[in-house]
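The values are calculated or read from the model by the stated rules, or taken from the named source; none is laboratory data. All of these numbers come straight from a predicted model, not from anything done at the bench. Virtual Cβ from ideal backbone geometry, glycine too; neighbours counted across all protein chains shown. Only protein heavy atoms, including side chains, enter the accessible area calculation; ligands, DNA and RNA are left aside. Shrake-Rupley method; radii C 1.70, N 1.55, O 1.52, S 1.80 Å.
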Amino acid sequence: MNVVVQQPTLAVTKLTPNMGVEITGIDLNKPLDSATRQRLIDALHEHIFIVVRDQHFTPDQFIAAGRLFGKLQEQDQPEIYGLPGYPEIRQVSNMHKDKSGNIAKYSPEWHTDHTHYTIPPKYTALYPVTLPTDTIGGGTSFCNTRLGYARLPDDLKQKITPMKTVNVLAGSAARNAKSTSVEGMQAGNKNTAIQPLVRTHPDHGSKAVYFHPKKTENVIGMTPEDTQDMLDDLMVRMVQPDTTYTHQWRMGDFLMWDNRSSLHKAGNNYDKSQLRLFYRIIVEGEKPM
Ligand SMILES: [Fe+2]
């Protein structure tokens, strides 16, 4: 039987008025009572992302911490980006390069994860293994697309709410970028997932704009070109100073975000000669509705 450890020092502090909380005074390596676990999940749903400070994980412990939030999904391309022996962990780093010598799987543009999966992950979590010594750069940015949706004019809400996106590994905008890594990715365009452009959060009940610009081939009934023009406009409406936040990493951060209500992107502004390495896990979601 698990010994449940009370962790009365747990504190939840807002990072910005519109998203993100810092959680201190808790050790995710110790068994949690169900009320504390639910408090973490509720904070994640309400505040889009949580940063649990001062955690110390082996790969097994990181996986166990992730399982507090649900069932983990195995990562794709484990032969390149995986951590041997740990199919649930992907290594996100600047050490992997594409054929052009650029950082592979870099994700410097706003997106939500894996919309080309029929059932995309509901949460993603990162844990830093090695960070550049420049602590100012290399942050990860988040955008609250629930707030972005709420602020849209009513006629635009009505127009986009019934729309469905066709999602592939490398969609029309990615093809237009014509990078070497994208050409390789197009070979993986066999699978198509249809997703709602406006998604209702199954636990929180709120609606959010939901798309990955570079995995969207088109909106059903629209050309790829018209689709990308509309998504460009929606992106500008989503990404505003008070709907976004850049997290500056500290060693020991366990950061988990809710893909159903947010966009994220990797930071670019740091010394690339220094290693930047995270472990990433993803938590199984549900069919977006
Ligand atoms: Fe991502």
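Among the residues making up segment 31-63, those that are more than 14 Å from Met256 (Cα to Cα) and among the small types (Gly, Ala, Ser) are Ser34, Ala35.
Here is a yes/no grid of residues against (1) away from the ligand (no atom under 12 Å from the Cβ); (2) polar (S, T, N, Q):
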| residue | (1), (2) |
| --- | --- |
| Phe62 | yes, no |
| Asp76 | yes, no |
| Pro84 | yes, no |
| Ile89 | yes, no |
| His96 | yes, no |
| Asn102 | yes, yes |
| His114 | no, no |
| Tyr117 | yes, no |
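For every residue, the table says whether it meets (1) under 28 Å from Pro17 (Cα atoms); (2) within 16 Å of the ligand (Cβ to nearest atom); (3) modelled with pLDDT under 95.
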site	(1), (2), (3)
Lys105	no, yes, yes
Ala125	yes, yes, no
Gly148	yes, no, no
Lys159	no, no, no
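Is it the case that Glu88 is over 22 Å from Lys14 (Cα atoms), open to solvent by 20 Å² or more (accessible area, probe 1.4 Å), modelled with pLDDT of 95 or more and not hydroxyl-bearing (Ser, Thr, Tyr)? For Glu88, the condition - over 22 Å from Lys14 (Cα atoms), open to solvent by 20 Å² or more (accessible area, probe 1.4 Å), modelled with pLDDT of 95 or more and not hydroxyl-bearing (Ser, Thr, Tyr) - is met.
Being in a helix (DSSP H, G or I) and touching a residue at least 24 places away in the same chain (Cβ under 8 Å) is the filter here, so list the residues in segment 232-263 that pass it.
Listed by number, the residues that qualify are Leu234, Met235, Arg237, Met238, Asp242, Thr243.
The numbered conditions (1) within 16 Å of the ligand (Cβ to nearest atom); (2) open to solvent by 40 Å² or more (accessible area, probe 1.4 Å) are all true for Met289 except (1). Please tell me if Ile50 is farther than 22 Å from Arg250 by Cβ and either in a strand (DSSP E or B) or at pLDDT below 95 (or both). No; evaluated as a whole, the condition is false for this residue. For Asn189, the requirement of being at pLDDT below 90, open to solvent by 10 Å² or more (accessible area, probe 1.4 Å), away from the ligand (no atom under 16 Å from the Cβ) and touching a Leu at 6+ places or on another chain (Cβ under 7 Å) is met.
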